[in-house]
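Reading through the structure tokens given below for one structure.
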Amino acid sequence: MKILVLHGPNLNLLGAREPGVYGADSLGEIEGRITRLAAELDVEVEFYQSNSEGALVDRVQAALGHCDGVVINPAAYTHTSIALRDALLATALPFVEVHLSNVHAREPFRRESLLADVALGTVCGFGAASYELGLRGLVAYLSRIH
Ligand code: DQA
């Protein structure tokens, strides 16, 4: 089983970026945790981060036929991107939306997600563990349907 883990804009700056909101771990450290969990769950993971909406759309499209599902932190594109929503719908890849912060406890515009209603589920507010919980949920789902 292969899972694509996608990170949206500004997540390359994790560790230095608003650590009070997003935590002290770098993206590399978070990916290390995800890789260890993937080994435990006996699944493969592939990572991709981009600050560009089009590049993320291209990566979702490229996953078709190669990956079984997607864990995505769309970052700010969560709240704006119809293109990312459409790409995920077009591929019909099961996906989990994750956020480090609790988006519901922040500015009102962060409460709206253009992906949440077509996601398998959403995990937010647990810092780096949101990714791990999202991966566990996705793998449990895929194991049931495969
Ligand atoms: C985020 C929440 C988004 O609102 C924000 O734009 C981000 C990160 C999170 O992981 O908490 O860049 O997705």
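If I go through segment 121-141 residue by residue, how many of them are more than 12 Å from the ligand (Cβ to nearest atom) and farther than 19 Å from S26 by Cα?
7
Could you tell me how many of the residues in segment 55-92 are free of Cβ contacts under 8 Å to residues at least 24 places away in the same chain, closer than 19 Å to L138 by Cβ and surrounded by 13 or more Cβ atoms within 10 Å (Cβ to Cβ)?
Qualifying residue count for the region: 1.
How do the pairs read when you match residues in segment 98-124 that are in contact (Cβ under 8 Å) with a residue 40 or more places away in the chain and at positive phi with residues anywhere that are open to solvent by less than 70 Å² (accessible area, probe 1.4 Å) and assigned to a loop (DSSP other than H, G, I, E, B), using Cβ under 8 Å and keeping only pairs 6 or more apart or on different chains?
From segment 98-124, no pairs qualify.
Of V118, V98, which residue is more than 10 Å from the ligand (Cβ to nearest atom) and either modelled with pLDDT of 95 or more or open to solvent by less than 10 Å² (accessible area, probe 1.4 Å) (or both)?
Details: V98 fails: more than 10 Å from the ligand (Cβ to nearest atom).
Selected residue: V118, the only one of V118, V98 that is more than 10 Å from the ligand (Cβ to nearest atom) and either modelled with pLDDT of 95 or more or open to solvent by less than 10 Å² (accessible area, probe 1.4 Å) (or both).
Within segment 112-134, how many residues turn out to be in contact with a Lys or Arg (Cβ under 7 Å, 6 or more places away or on another chain) and part of a loop (DSSP other than H, G, I, E, B)?
3
Can you find even one residue in segment 1-24 that is surrounded by fewer than 20 Cβ atoms within 10 Å (Cβ to Cβ), over 17 Å from S130 (Cα atoms) and away from the ligand (no atom under 16 Å from the Cβ)?
yes
The values are calculated or read from the model by the stated rules, or taken from the named source; none is laboratory data. Note that the coordinates shown come from a computational prediction; the quantities given were computed from them, not determined experimentally. A quick note on method: Cβ atoms are made from the backbone with ideal geometry, for glycine too, and the neighbour counts reach across all protein chains shown. The area values use the complete protein model at the heavy-atom level, side chains included, leaving out ligands, DNA and RNA. Shrake-Rupley method; radii C 1.70, N 1.55, O 1.52, S 1.80 Å.
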